[in-house]
Ligand code: AMP
Ligand code: ZN
């Protein structure tokens with residue numbers, strides 16, 4: 001079955017036909033680095049990681065580019081507010097981002113360009129847009145002139161009339177049309193800036209992606225992704241800049257993930273309900289449990305994230321790892337045996353909930369297998385399917401030694417074991433038994449072996 005993807009451009013599922021089947025190219029808008037990534041920011045990362053893994057399986061070569069926006073007014077504001085240099089903030093936040101997304105099993109993209117290292121390319125594109133009459137200079141700014149592009153609004157299906165109705169009253173006086181957007185803006189000496197034909201300044205956000213995508217993927221490439229909120233204005237403006245600069249379409253398939261809410265509420269600073277990936281990891285919640293939760297809904301649907309959903313994911317993974325632990329002695333059969341139904345689910349616009357349901361069936365198959373050959377094949381199928389989804393990468397024993405949502409952290413368990421050992425040494429068996437019972441109530445079983453006491457979670 002060919003790959004089908006929901007293309008925002010056509011607003012329907014379309015068969016994916018790469019421009020060059022020997023080399024598929026994908027760009028996903030990355031983070032603006034001034035704060036820890038929250039769980040909503042992790043959704044596009046995990047979703048597009050599954051697509052990346054699938055594309056790598058289907059095509060001989062894939063180039064995946066995900067940028068880092070390290071010049072932005074929010075970064076400047078954070079630097080001023082915290083009294084910390086910009087580079088310190090962006091460098092640290094980019095490192096955190098890599099660590100947190102790595103903990104969710106996301107493969108690093110092939111190229112991770114930073115905006116500040118591509119300002120020359122942005123200036124060159126802006127100059128072409130000015131020269132072609134699609135952009136103009138006004139009061140140190142360079143603006144893209146939206147009325148110069150009759151097809152503007154195709155991605156978000158907005159006509160200029162709709163936009164006119166929604167136009168804000170406080171439009172900057174130097175704009176020819178209220179929809180015109182900034183390609184370049186002047187910087188005061190205290191702000192980051194680069195020399196340009198329009199004076200010292202800094203780029204607008206949209207031009208960053210157009211310039212970096214062009215550099216690493218070419219004028220027209222296959223897939224462009226990001227969260228739904230980016231459709232307008234960010235992606236609409238990327239399209240406008242790239243098309244008017246190159247006389248060619250930017251990307252052929254535009255994919256957008258739906259938004260994630262928390263406990264049925266929008267995540268926002270004012271509600272104080274923002275959960276970062278790092279908050280969850282710090283609670284010793286497994287990255288795979290977070291990942292599975294994020295894959296529990298098909299990517300373009302809205303999804304609600306909750307502790308209960310996390311707990312269920314943990315239970316699902318416990319179940320799958322229990323099966324793998326029971327089959328620890330089985331050597332998986334050779335070859336990359338992703339069963340056709342798992343592949344078909346993912347090829348159908350990344351139907352991850354269905355693919356996950358198939359993982360359960362594969363676990364059942366492994367549990368029921370009787371002959372060594374059957375077991376070897378079933379184990380290989382389960383592991384290969386897990387790999388395609390970025391799951392089941394842990395050693396089963398290691399999995400059961402880690403904590404889960406609301407569970408006793410490993411250090412606390414180790415401390416309790418030491419306290420029990422001390423009580424036994426002091427022949428205070430009542431106390432030793434009490435500690436053991438307390439651990440049991442917390443879902444931890446102890447086993448005394450000649451090498452010492454080992455522990456294992458029971459749920
Ligand atoms: P930002 O750093 O705000 O530009 O966001 C980075 C990525 O996260 C973008 O692709 C956004 O669309 C996406 N994103 C932000 N918030 C959410 C959310 N609540 N649910 C899903 N995706 C989100
Ligand atoms: Zn972008």
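The values are calculated or read from the model by the stated rules, or taken from the named source; none is laboratory data. These figures come from a predicted structure and were not determined experimentally. Here the Cβ is made from the backbone with ideal geometry for all residues, glycine too, and neighbour counts use every protein chain on show.
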Every pair of residues 6+ apart whose Cβ atoms lie under 6 Å, when the first sits in region 269-293 and is on the phi > 0 side of the Ramachandran plot while the second is part of a loop (DSSP other than H, G, I, E, B) and surrounded by fewer than 16 Cβ atoms within 10 Å (Cβ to Cβ): 284/409
Qualifying positions in region 122-138 - exposed (fewer than 12 other Cβ atoms within 10 Å of the Cβ) and either in contact with a helix residue (DSSP H, G or I) (Cβ under 8 Å, 6 or more places away or on another chain) or modelled with pLDDT under 95 (or both): 133
I'm told residue 241 meets every condition in (1) away from ligand 2 (no atom under 15 Å from the Cβ); (2) under 20 Å from residue 133 (Cβ atoms) except one. Can you identify the failing condition by its number? (1)
Does residue 327 fit the bill of being more than 17 Å from residue 46 (Cβ to Cβ) and surrounded by fewer than 15 Cβ atoms within 10 Å (Cβ to Cβ)? no
Just checking, which of 68, 75 is in contact with a helix residue (DSSP H, G or I) (Cβ under 9 Å, 6 or more places away or on another chain), touching a residue at least 24 places away in the same chain (Cβ under 8 Å), more than 14 Å from ligand 2 (Cβ to nearest atom) and closer than 27 Å to residue 197 by Cα? 75
Listed by first then second residue, the pairs whose first member lies in region 26-42 and is over 26 Å from residue 16 (Cα atoms) and in contact (Cβ under 8 Å) with a residue 60 or more places away in the chain, whose partner is assigned to a loop (DSSP other than H, G, I, E, B) and within 6 Å of ligand 1 (Cβ to nearest atom), with beta carbons under 7 Å and at least 6 positions apart or on separate chains, are 37/31; 38/267; 40/259; 40/267
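Conditions tested, residue by residue: (1) free of Cβ contacts under 8 Å to residues at least 60 places away in the same chain; (2) within 24 Å of residue 44 (Cα to Cα); (3) touching a strand residue (DSSP E or B) at 6+ places or on another chain (Cβ under 9 Å).
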{"position": "100", "(1), (2), (3)": "no, yes, yes"}
{"position": "103", "(1), (2), (3)": "no, yes, no"}
{"position": "140", "(1), (2), (3)": "no, no, yes"}
{"position": "143", "(1), (2), (3)": "yes, no, yes"}
Sole residue being within 16 Å of ligand 2 (Cβ to nearest atom), closer than 24 Å to residue 273 by Cβ and modelled with pLDDT of 95 or more, chosen from 111, 45: 45
Residues of region 282-306 classified as at pLDDT below 95 and in a helix (DSSP H, G or I), total: 1
Can you find a residue in region 9-23 that is in contact with a helix residue (DSSP H, G or I) (Cβ under 6 Å, 6 or more places away or on another chain) and surrounded by 17 or more Cβ atoms within 10 Å (Cβ to Cβ)? no
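Let's see how each residue does on (1) within 16 Å of ligand 2 (Cβ to nearest atom); (2) buried (at least 17 other Cβ atoms within 10 Å of the Cβ); (3) part of a helix (DSSP H, G or I):
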{"site": "142", "(1), (2), (3)": "no, yes, no"}
{"site": "150", "(1), (2), (3)": "no, no, no"}
{"site": "178", "(1), (2), (3)": "no, no, no"}
{"site": "182", "(1), (2), (3)": "yes, yes, no"}
{"site": "185", "(1), (2), (3)": "no, yes, no"}
{"site": "188", "(1), (2), (3)": "no, no, no"}
{"site": "192", "(1), (2), (3)": "no, yes, no"}
{"site": "209", "(1), (2), (3)": "yes, yes, yes"}
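Table: residues versus (1) closer than 23 Å to residue 284 by Cβ; (2) modelled with pLDDT of 85 or more; (3) part of a strand (DSSP E or B).
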residue: 385; (1), (2), (3): no, yes, no
residue: 392; (1), (2), (3): yes, yes, no
residue: 408; (1), (2), (3): yes, no, no
residue: 446; (1), (2), (3): yes, yes, yes
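Somewhere in region 254-264, is a residue at pLDDT below 95, under 17 Å from the mean Cα position of the chain (by Cα), within 16 Å of ligand 1 (Cβ to nearest atom) and under 28 Å from residue 36 (Cα atoms)?
no
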Region 226-279: number of residues that are surrounded by 15 or more Cβ atoms within 10 Å (Cβ to Cβ) and assigned to a strand (DSSP E or B): 13
Which one of 447, 431, 395 is under 27 Å from residue 313 (Cβ atoms) and surrounded by fewer than 17 Cβ atoms within 10 Å (Cβ to Cβ)? 395
Candidates 325, 365, 307 - the one that is touching a helix residue (DSSP H, G or I) at 6+ places or on another chain (Cβ under 6 Å), more than 30 Å from residue 14 (Cβ to Cβ) and touching a residue at least 40 places away in the same chain (Cβ under 8 Å): 325
